[in-house]
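Here is the structure we will look at, set down as structure tokens.
The values are calculated or read from the model by the stated rules, or taken from the named source; none is laboratory data. Not measured: the values here are computed from a predicted model. As a convention, Cβ positions derive from the backbone with ideal geometry for all residues, glycine included, and neighbour counts pool all protein chains shown.
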Amino acid sequence: MKINSLSFQVLTPNKTNYSKGNFAIKSSDTTDTQDSSELSKMKQLISSNAPKAADPQTNSINIKTGEIKNIGSVDGSPLNISFDAEGTCSTSFLIPIPGPIIPGTTATPEQQFAANAASSHTRAQIDTANSMVSRFQLLNSVANGAMSVNQYNATGLGDKTMSTSELLTSLGIDSSKPFSFNGNSFSLDSQGDLHALLPASQLNVTQ
């Protein structure tokens with residue numbers, strides 16, 4: 001996957017998507033119909049029972065495409081995240097609204113659910129969630145080979161984004177020791193730069 005194909009658009013809500021001028025938002029009621037697979041996954045995304053992405057005992061982070069994992073909470077609300085095959089993420093705070101949105105029409109159950117999920121959080125809460133998600137998304141890109149370590153270290157996300165060490169600590173990962181993300185090993189130096197660690201088998205070959 002090309003670096004420029006990484007999508008961060010989910011981190012900033014498109015307010016026009018929630019406008020009643022685009023579609024009518026009805027009160028949520030899906031009891032009379034069976035949930036679609038997309039709506040069912042949306043409901044799972046905001047669940048408080050999502051497994052944690054990080055395992056402090058092994059100092060590791062793991063998340064596969066399509067999995068829903070928890071990476072913390074914001075004011076008591078679980079912050080869950082999921083990546084699709086293209087690397088685009090959905091979170092429990094901001095779910096991409098399925099399109100197309102046809103002006104003047106009633107929202108589909110999926111569009112309605114996504115809009116309601118976003119409107120249930122304050123701007124400050126969404127900003128806090130974005131800070132964590134942006135950093136986690138970048139780390140996931142490095143772990144999956146979509147971004148190099150050098151590119152990661154050169155990417156500036158501003159002072160509103162949680163640092164690598166802050167994110168790792170919030171996940172229960174000891175950033176002073178080597179850690180793994182999706183099976184790939186990394187370390188963090190005192191300046192906060194990320195370094196990839198070769199597996200022992202590869203080290204033996206190169207020595």
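Take the conditions (1) among the hydrophobic types (A, V, I, L, M, F, W, C); (2) at pLDDT below 90; (3) within 18 Å of the chain's Cα centre (by Cα); Ile25 misses just one of them, which is (3). Residues in the stretch 89-117 that are surrounded by 20 or more Cβ atoms within 10 Å (Cβ to Cβ) and touching a Lys or Arg at 6+ places or on another chain (Cβ under 9 Å) were compared, and the one that is farthest from Ala196 (Cα to Cα) is Ala107.
Only one entry of Ser47, Ser40 meets the criterion of being out of contact with any Ser or Thr (no Cβ under 6 Å at 6 or more places or on another chain), part of a loop (DSSP other than H, G, I, E, B), under 26 Å from Asn144 (Cβ atoms) and modelled with pLDDT under 95, and that entry is Ser47. Yes or no: Leu168 closer than 15 Å to Phe136 by Cβ, of a type outside the set (D, E, K, R) and either modelled with pLDDT of 90 or more or touching a strand residue (DSSP E or B) at 6+ places or on another chain (Cβ under 8 Å) (or both)? The answer is yes for Leu168. Beta carbons closer than 7 Å, at least 6 apart along the sequence or on distinct chains, pair a first residue in the stretch 167-185 that is without any contact (Cβ under 8 Å) to a residue 24 or more places away in the chain with a second that is in a helix (DSSP H, G or I) for Ser175/Ser165; Ser175/Leu168; Ser175/Thr169. Considering the stretch 80-116, the residues that are modelled with pLDDT of 85 or more and aliphatic (A, V, I, L, M) include one that is nearest to Leu168 (Cα to Cα), namely Ile81.
When the residues of the stretch 118-160 are filtered to those that are basic (Lys, Arg) and touching a helix residue (DSSP H, G or I) at 6+ places or on another chain (Cβ under 8 Å), the one that is farthest from Ala196 (Cα to Cα) is Lys160.
When both residues are 6+ apart or on different chains and their Cβ atoms are under 8 Å apart, which pairs have a first residue that lies in the stretch 112-127 and is under 16 Å from Lys43 (Cβ atoms), and a second that is basic (Lys, Arg)? Sorted first by the residue in the stretch 112-127, then by its partner, the pairs are Gln112/Lys26; Phe113/Lys43.
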